[in-house]
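Let me begin by presenting the structure, written as structure tokens, before commenting on it.
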Amino acid sequence: RAAVRIDGVRDHLRVLLVSGEPHPGERMWRNLLKSDAAVDLVHFTILRPPEKQDGTPVDELALIPFPTRELFQDKIRDFDLIVFDRYRRRALLSSLYFDNIARWVEAGGALLVAADTDLADPSGLFETPLADVVPATPMVRPIEAPYRPTPTVIGRRHPVTADLPGGEANPPAWGRWYRLAPVVPAPDARVVMSDGADHPLLLLADRGKGRVGLIASDQIWLWARGHDGGGPWAPLLRRTAHWLMKEPDLEAEALRLTRQGRDLVVERRTLADTAPAVTVTSPTGETRRLALAETAPGR
């Protein structure tokens with residue numbers, strides 16, 4: 001018998017990034033996604049929403065019309081990940097298209113919402129069919145006060161937020177943010193980062209065969225600019241995106257057997273406080289029970 005490890009790699013990851021308006025964090029998203037040669041990025045920024053009319057004829061504008069039908073009906077299944085970055089409805093996408101996105105997630109798609117502080121606004125995404133898949137419900141008033149993003153107890157065990165550079169300190173050695181949209185997590189959502197108090201900041205959840213994530217602030221770009229010392233914005237966003245697309249190495253519940261020299265190493269990742277013993281079966285059929293000792297939070 002031979003033990004063989006096979007790594008499967010997607011040929012290309014197709015990502016759709018929709019920015020609701022120009023803002024300082026837009027370049028951060030674009031630079032991050034374009035830096036990965038395996039990512040095919042389609043990026044649209046809403047520069048002229050329907051309510052912004054100045055009398056200029058449409059045929060004289062140098063702007064590309066937003067291809068809503070092509071993206072959210074004809075070719076939605078071609079994308080691995082959709083990111084809404086500070087997006088508001090503004091009559092650009094009908095409920096039919098948001099319903100298509102929700103069904104695409106349930107069928108195995110990956111959705112990340114990087115929200116501004118107006119989540120509860122009537123023009124927000126929570127007033128669409130996406131409310132059925134987004135892992136939280138918004139509260140009314142945003143919070144505007146300095147805070148330091150902090151992994152929660154579960155976040156210190158979850159592969160997306162565990163072992164982030166600077167996260168071993170208490171509080172983490174990261175820069176402060178200043179705005180937060182308060183939300184009530186869905187019952188099955190995992191809050192992996194907060195403001196250091198009781199307000200969720202990064203939430204992750206499974207939806208059918210797909211996954212969703214919510215960042216309840218629009219200020220992660222402050223880390224990218226090095227404000228107040230900056231923070232691990234690139235690894236955090238990269239891990240979040242790849243967890244949403246079900247990267248095996250980022251699974252929160254996993255059992256692995258690897259070889260190190262002449263030893264076999266059993267590794268169990270879990271969000272629980274403890275893990276039960278495992279049964280090891282040798283090539284001869286002999287079995288033994290192996291108790292697992294925690295070497296790090298969640299491992």
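The values are calculated or read from the model by the stated rules, or taken from the named source; none is laboratory data. Just so you know, these numbers come straight off a predicted model, no measurement behind them. Here the Cβ is made from the backbone with ideal geometry for all residues, glycine too, and neighbour counts use every protein chain on show. With ligands, DNA and RNA removed, areas are computed over all heavy atoms of the protein, side chains included. Shrake-Rupley method; radii C 1.70, N 1.55, O 1.52, S 1.80 Å.
Taken over the stretch 1-50, the criterion of being more than 21 Å from P65 (Cα to Cα), β-branched (V, I, T) and not in a loop (DSSP other than H, G, I, E, B) is satisfied by V39 alone. In this structure, does L201 turn out to be under 22 Å from G298 (Cα atoms), in contact (Cβ under 8 Å) with a residue 12 or more places away in the chain and either in contact with a helix residue (DSSP H, G or I) (Cβ under 8 Å, 6 or more places away or on another chain) or open to solvent by less than 10 Å² (accessible area, probe 1.4 Å) (or both)? Judged against the criteria, L201 is a match.
For the stretch 166-191, a residue qualifies if it is among the hydrophobic types (A, V, I, L, M, F, W, C) and in contact with a strand residue (DSSP E or B) (Cβ under 7 Å, 6 or more places away or on another chain), and the qualifying residues are W177, L180, A181, V183, V184, A186, A189, V191.
Taking every residue in the stretch 249-261 that is of a type in the set (A, V, I, L, M, F, W, C) and pairing it with any residue that is surrounded by 13 or more Cβ atoms within 10 Å (Cβ to Cβ) and part of a loop (DSSP other than H, G, I, E, B), at least 6 positions away or on another chain, the pairs with Cβ-Cβ distances below 7 Å are L250/P159; L250/V160; A252/H158; A252/P159; A252/L271.
Of note, G208 satisfies the criterion of being surrounded by fewer than 16 Cβ atoms within 10 Å (Cβ to Cβ) and not hydroxyl-bearing (S, T, Y).
Of all residues in the stretch 137-184, those satisfying the criterion of being assigned to a strand (DSSP E or B), surrounded by 18 or more Cβ atoms within 10 Å (Cβ to Cβ) and not hydroxyl-bearing (S, T, Y) are P138, P151, W177, L180, V183.
The set of residues in the stretch 9-23 being open to solvent by less than 100 Å² (accessible area, probe 1.4 Å), touching a residue at least 40 places away in the same chain (Cβ under 8 Å) and of a type outside the set (A, V, I, L, M) consists of R14, S19, G20, E21, H23.
So, in the stretch 275-289, how many residues would count as being touching a residue at least 12 places away in the same chain (Cβ under 8 Å) and either among the basic types (K, R) or surrounded by fewer than 10 Cβ atoms within 10 Å (Cβ to Cβ) (or both)? Of the residues in the stretch 275-289, 2 are touching a residue at least 12 places away in the same chain (Cβ under 8 Å) and either among the basic types (K, R) or surrounded by fewer than 10 Cβ atoms within 10 Å (Cβ to Cβ) (or both). Would a scan of the stretch 126-133 turn up a residue that is touching a residue at least 12 places away in the same chain (Cβ under 8 Å), open to solvent by less than 10 Å² (accessible area, probe 1.4 Å) and not in a loop (DSSP other than H, G, I, E, B)? For the stretch 126-133, residues touching a residue at least 12 places away in the same chain (Cβ under 8 Å), open to solvent by less than 10 Å² (accessible area, probe 1.4 Å) and not in a loop (DSSP other than H, G, I, E, B): present. Note on the stretch 225-266: residues that are open to solvent by less than 40 Å² (accessible area, probe 1.4 Å) and over 30 Å from V4 (Cβ atoms) total 7.
Screening the candidates R103, R88 for the property of being at pLDDT below 85, under 22 Å from the mean Cα position of the chain (by Cα) and basic (K, R) yields one hit, R88. Screening the candidates R256, R211, R288 for the property of being within 28 Å of V39 (Cβ to Cβ), assigned to a strand (DSSP E or B) and out of contact with any Leu (no Cβ under 9 Å at 6 or more places or on another chain) yields one hit, R256. There is no residue in the stretch 105-123 that is open to solvent by less than 20 Å² (accessible area, probe 1.4 Å), over 24 Å from M28 (Cα atoms) and in a loop (DSSP other than H, G, I, E, B). Considering the stretch 80-91, the residues that are open to solvent by 10 Å² or more (accessible area, probe 1.4 Å) and either in contact with a Gly (Cβ under 9 Å, 6 or more places away or on another chain) or in a helix (DSSP H, G or I) (or both) include one that is nearest to L13 (Cα to Cα), namely D80.
Note on the stretch 24-54: among residues that are at pLDDT below 80 and charged (D, E, K, R), the one that is least open to solvent (accessible area, probe 1.4 Å) is R48.
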